[in-house]
Amino acid sequence: TGPAVSSPSAAVADEAATRRSDGEGKAAGDAGAEFVLESKGTWWHAGFHLTTAMVGPAVLSLPYALRGIGWALGLATLSALAAVSFYTYYAMSRVLDHCEAAGRRHIRFRDLAADVLGSGWAFYLMVAVQGAINVGVTIGSILLAGNSLQIMYTTLVPYGPLKLYHFIVAVASVLALLSQMPSFHSLRYINLGSLVLSVGYTILVSAACIRVSRATLRRKITR
């Protein structure tokens, strides 16, 4: 019998498998990538990780920030922001799927940017942008958490000796300890607690808004 003739689809599959094996070999030389690829998380772990990453103080305060522009424009703005966010995540997932199908699996934004835009300036630009965002978010979160704890403290202990900087140092110390965790999977129970608190905050604010609106309507009727 003569030699077997491979079809074009088989050749494409072989090439994709070769690229995938090469990518896995590169990932094996990267301790961080290798650790992430061997994580034991499930889909619902990823669900509350993503939820707590997006549902932060800035998002929870958006209704208060937009209430001054009225119902029509406020709802339109919130809908536009939601549509832009959804499209961004959808486009990124499509790009990641395309790269993975070609044998290039990316788990970091800088690697994805280098693959799509080139390995030169895009890599360093993404590192700089991510660094600036991380620093800004970290500082803002520490200040906000410290301020929130101070408000709770002054409410319970009006003439207590603790000042704002005491709470900022305490929050920064806790975050410094949590930052030593090797991956998001190590923070799964903390993020689950954050998810429960976020849902509880949303329920309480919604119930308070409904109660205030009913009380306002009742006063208008009795006048």
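If I filter segment 53-63 down to residues being small (Gly, Ala, Ser) and not in a helix (DSSP H, G or I), which single residue comes out as farthest from ASN134 (Cα to Cα)?
SER61
Within segment 93-104, work out how many residues are under 24 Å from ILE133 (Cα atoms) and touching a helix residue (DSSP H, G or I) at 6+ places or on another chain (Cβ under 8 Å).
2
Here are VAL199, VAL171: which of them is surrounded by 10 or more Cβ atoms within 10 Å (Cβ to Cβ) and at pLDDT 90 or above?
So the residue among VAL199, VAL171 that is surrounded by 10 or more Cβ atoms within 10 Å (Cβ to Cβ) and at pLDDT 90 or above is VAL171.
Among the helices (runs of 4 or more DSSP H) contained in segment 64-182, which hold 2 or more residues that are closer than 30 Å to THR202 by Cα, out of contact with any strand residue (DSSP E or B) (no Cβ under 6 Å at 6 or more places or on another chain) and not assigned by TED's automatic domain parsing to the domain that holds MET54?
The qualifying helices (runs of 4 or more DSSP H) are 71-101, 121-156, 164-178.
Which residue out of LEU81, LEU112, LEU96 is under 30 Å from LEU175 (Cα atoms), modelled with pLDDT of 85 or more and either exposed (fewer than 14 other Cβ atoms within 10 Å of the Cβ) or not charged (D, E, K, R) (or both)?
Working: LEU112 fails: modelled with pLDDT of 85 or more; LEU96 fails: under 30 Å from LEU175 (Cα atoms).
Result of the check over LEU81, LEU112, LEU96: LEU81.
The values are calculated or read from the model by the stated rules, or taken from the named source; none is laboratory data. Here the structure is a predicted model, which is why all the values come from computation and not from measurement. Glycine also receives a Cβ, built like all others from the backbone with ideal geometry; neighbour counts cover every protein chain displayed.
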